[in-house]
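K.L.:
First, the structure itself, so that you have it in front of you.
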Ligand code: ASP
């Protein structure tokens, strides 16, 4: 009995000791998409805001892109669970569970949930070469050009892919769009600006400044309501207003660690995340890009995980209805 108590005590002490020494080396935040895209932007702004709360730690962002984000997620699921390798991922954590029948990780089993970061609307965009300036003209253009219109996305299971699938299915197009996959919507945006691709649906964190500068054409937002608080996006119609009944898509980002990361370390990271989300610079940076910083119970690991579980169920219904899978 004495031995059991002693063992239990030493486990508690050892557990507490992780947090005392954490972080003991640079922390890597893996972004499962290319640099310059919306997930990358969120992760870089977050890394900067979490540095102070983590005692001035060095936080490096690593882009491990490919396969709609599943390559980077697999990398983190398999990393040493000591809190020094983290993942910032979006709705793909839930959508890939429905889109891929074979995945190297299990969304609800292979990660510690550290809290959600933000909710981000999407915008439907066209290249500057598209001869349409309103959503209605754009829709007519796409319908009359059938299979010749290209849709850029960030890989099967990405947010832009999901949005493209939902839009095509809501439009009931006779001929589907030709999809072109990129390693992230950062590089896809460059091709949209250059007119090599025709359309894309992407988070406002990547699109706001490009629309504002007139480099791409913005047609509509994907949320149920207009973005009334945003100086530029408030003038864009919702897809529901344009007749696509029930269309409602908001992207969210969360922070994850490999399963088995010590509880006192995940607690410390969660506290740093909460502090970062209240950082005025982070908050204004996010707001200017149309993102809403999370303030509800999805900031807790339990709330975050429950939300993702619910999203997996809901998105599976949408994906099954579209009848398209990644593998
Ligand atoms: N916005 C991208 C997506 O469609 C990913 C990215 O590059 O951040 O999922």
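The values are calculated or read from the model by the stated rules, or taken from the named source; none is laboratory data. Predicted, not measured: the structure shown is a model, and the values here were computed from it. In this analysis, Cβ positions are derived from the backbone assuming ideal geometry, glycine residues included, and neighbour counts consider all displayed protein chains.
K.L.:
Quick check on residue 165: is it more than 8 Å from the ligand (Cβ to nearest atom), out of contact with any strand residue (DSSP E or B) (no Cβ under 6 Å at 6 or more places or on another chain) and over 27 Å from residue 254 (Cα atoms)?
P.N.:
For residue 165, the condition - more than 8 Å from the ligand (Cβ to nearest atom), out of contact with any strand residue (DSSP E or B) (no Cβ under 6 Å at 6 or more places or on another chain) and over 27 Å from residue 254 (Cα atoms) - is not met.
K.L.:
Tell me the residue from 94, 179 that is more than 19 Å from residue 42 (Cβ to Cβ) and modelled with pLDDT of 90 or more, please.
P.N.:
So the residue among 94, 179 that is more than 19 Å from residue 42 (Cβ to Cβ) and modelled with pLDDT of 90 or more is 179.
K.L.:
Please give the strands (runs of 3 or more DSSP E) falling wholly within the range 194-273 in which 1 or more residues are away from the ligand (no atom under 16 Å from the Cβ).
P.N.:
Qualifying strands (runs of 3 or more DSSP E): 217-221, 250-258.
K.L.:
Separate question: Return the residues of the range 288-301 that are assigned to a helix (DSSP H, G or I) and touching a residue at least 12 places away in the same chain (Cβ under 8 Å); say none if nothing qualifies.
P.N.:
Initially, the range 288-301 is screened for residues assigned to a helix (DSSP H, G or I), giving 288, 297-299, 301.
Those that are assigned to a helix (DSSP H, G or I) and touching a residue at least 12 places away in the same chain (Cβ under 8 Å): 288, 298, 299, 301.
K.L.:
From 22, 105, which residue is within 30 Å of residue 180 (Cβ to Cβ) and at pLDDT 95 or above?
P.N.:
105
K.L.:
Residue under question is residue 116, and the condition is that it be under 17 Å from residue 314 (Cβ atoms), at pLDDT below 90 and touching a strand residue (DSSP E or B) at 6+ places or on another chain (Cβ under 9 Å); does it hold?
P.N.:
Values: under 17 Å from residue 314 (Cβ atoms): yes; at pLDDT below 90: no; touching a strand residue (DSSP E or B) at 6+ places or on another chain (Cβ under 9 Å): yes.
Against the criterion (under 17 Å from residue 314 (Cβ atoms), at pLDDT below 90 and touching a strand residue (DSSP E or B) at 6+ places or on another chain (Cβ under 9 Å)), residue 116 does not qualify.
K.L.:
Okay, moving on. Name the pairs whose Cβ atoms lie under 6 Å apart, with the first residue in the range 25-50 and at negative phi, the second assigned to a strand (DSSP E or B) and near the ligand (Cβ under 8 Å from one of its atoms), and 6 or more positions between them or separate chains?
P.N.:
Listed pairs, sorted by first residue: 38/203; 39/31; 40/31; 43/31.
K.L.:
Of the numbered conditions (1) in contact with a strand residue (DSSP E or B) (Cβ under 9 Å, 6 or more places away or on another chain); (2) over 21 Å from residue 235 (Cβ atoms); (3) touching a residue at least 60 places away in the same chain (Cβ under 8 Å); (4) within 12 Å of the ligand (Cβ to nearest atom), residue 152 fails exactly one; give the number of that condition.
P.N.:
Every condition holds for residue 152 apart from (3).
K.L.:
Six or more apart or on different chains, Cβ atoms under 6 Å: show the pairs whose first residue is in the range 53-69 and free of Cβ contacts under 8 Å to residues at least 40 places away in the same chain and whose second is part of a strand (DSSP E or B) and within 16 Å of the ligand (Cβ to nearest atom).
P.N.:
Qualifying pairs under 6 Å: 61/29; 61/31; 62/30; 64/30.
K.L.:
Any residue at all in the range 126-134 that's more than 21 Å from residue 30 (Cα to Cα), buried (at least 24 other Cβ atoms within 10 Å of the Cβ) and in contact with a strand residue (DSSP E or B) (Cβ under 8 Å, 6 or more places away or on another chain)?
P.N.:
Step one: filter the range 126-134 for residues more than 21 Å from residue 30 (Cα to Cα), giving 126-134.
This time we only want the ones that are buried (at least 24 other Cβ atoms within 10 Å of the Cβ), so: 126.
Filter again for in contact with a strand residue (DSSP E or B) (Cβ under 8 Å, 6 or more places away or on another chain), leaving 126.
Checked against the condition, which is being more than 21 Å from residue 30 (Cα to Cα), buried (at least 24 other Cβ atoms within 10 Å of the Cβ) and in contact with a strand residue (DSSP E or B) (Cβ under 8 Å, 6 or more places away or on another chain), the range 126-134 yields at least one hit.
K.L.:
Which residues, taken from the range 276-286, are in contact (Cβ under 8 Å) with a residue 40 or more places away in the chain and either assigned to a helix (DSSP H, G or I) or loosely packed, with under 12 Cβ neighbours inside 10 Å (or both)?
P.N.:
Selection gives 276, 277, 281, 282, 285, 286.
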